[in-house]
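Before any comments, here is the structure.
Each value in this text was obtained by applying a stated rule to the coordinates, not by laboratory testing. Remember, it's a predicted structure, so these values are computed and weren't measured experimentally. For neighbour counting, all protein chains shown are included, and Cβ atoms are generated from backbone atoms with ideal geometry for every residue, glycine included.
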Amino acid sequence: MKEHLPTHVAFIMDGNGRWAQKRGLARLKGHAQGIETVRTVCEELSKLGVEYATFYTFSTENWKRPWEEVGGLFTLMRTYFKNEMKQIMDKNLRVLFIGDHSETSKLPADILTLMTDVETQTKDNTGLTITFAINYSGRDELLRAATKLVQQSAATGEAVTPEMMAAALDTAGIPDPDFIIRTSGEQRISNFLLWQLAYAELYFSDVAWPDFTATHLQAALSSYMSRNRRFGAVPQVSAA
């Protein structure tokens, strides 16, 4: 079975706020429950032998939300890594972060430090690699990469190649996602991994992220494994 599984699964974790509102709860309660789903999904992917998982955690557009929610999300992040680092190390998980993490970004200074510390502590782990996209925008990532490559090309005279573009992206060194799952019924990619998703298989679930279980994940992976990925080629037909 493992040889048919995706190497890298990306997730757009939609529906946290709506899940909470339907239950008369603050939106932040939905995000807190969504963290439990991240834990469940990572445990299942690790058991199955999937090597990479990427979670769209906080987009650049999310700054438009009320500060109570935005600040609460960062508090959840602080609490999660404070409480979970021992488990992360025990489970041999490697954690990475992508997005605009420059000193001029809006991210709180302690969050920038936290991300650096977590990456440093987990860098030698060899299990599932988990990437969190925080203060992330696909277009912003492409613009930052293009700016870097223009400067490089001006200095060296080299023509930019697809390989150079991939190396200039936040995800350098990580294979492109084979499979992307979006929850809560929306059917779009919302400015996520625009370069990397060129050949990814898409899967849309009506289930809100806090209700997304290991069973839902298994159903999604079964759908992936039933597909014929041709990458633009004609499938080979065996000779009679």
Task: Within a Gaussian network of the chain (alpha carbon springs, distance under 10 Å), most fluctuating of D178, D110, D170 - done: D110
Task: Given charges at Cβ of Lys, Arg, Asp, Glu: segment 89-231 dipole, positive-most of H216, N92, S153 - done: H216
Task: For the chain, built as a Gaussian network whose Cα springs stay under 10 Å, the top-fluctuating residue of N16, N191, N228 - done: N228
TODO: Return the long-range amide H neighbours of E201 (sequence gap of 5 or more, or a different chain), with a cut-off of under 5 Å between placed amide H atoms.
DONE: F179, I180
Task: Sequence-separation-based contact order of the chain, relative, with Cα cut under 8 Å and 6+ spacing, percent - done: 28 percent
Open item on the list: From the convex hull of the Cα coordinates of segment 55-178, what is the mean projected area in square nanometres?
Closed with: 9.0 nm²
Open item on the list: Taking every pair of distinct Cα atoms and averaging 1/r, then inverting, what Kirkwood hydrodynamic radius in Å comes out for the chain?
Closed with: 19.1 Å
Open item on the list: List the lysines whose Cα sits under 16 Å from the Cα of K47, skipping any in the same chain fewer than 8 residues away.
Closed with: K2, K91
Open item on the list: What percent of all Cα-Cα pairs in segment 1-125 falls into each 10 Å bin, going from 0 up to the bin containing the maximum distance?
Closed with: 11, 40, 36, 13, 1
Open item on the list: Using Cβ contacts closer than 10 Å as the measure, can you line up K64, K22 from fewest to most?
Closed with: K64, K22
Task: Kirkwood Rh and Cα Rg combined as Rg over Rh, evaluated for segment 153-196 - done: 1.14
Task: Those lysines that a straight Cα-Cα span of less than 30 Å connects to K64, excepting residues fewer than 8 apart in one chain - done: K22, K29, K82, K106, K148
Open item on the list: Students often check this: by mean Cβ neighbours within 10 Å, which of 141-151, 202-212, 99-109 ranks highest, and how do the rest follow?
Closed with: 202-212, 141-151, 99-109
TODO: Report ³J(HN,Hα) in whole Hz for each residue of segment 184-195, in order, from the Karplus equation J = 6.51 cos²θ - 1.76 cosθ + 1.60 where θ = phi - 60°; Gly and Pro get x.
DONE: 6, x, 6, 10, 7, 9, 6, 6, 10, 6, 4, 6
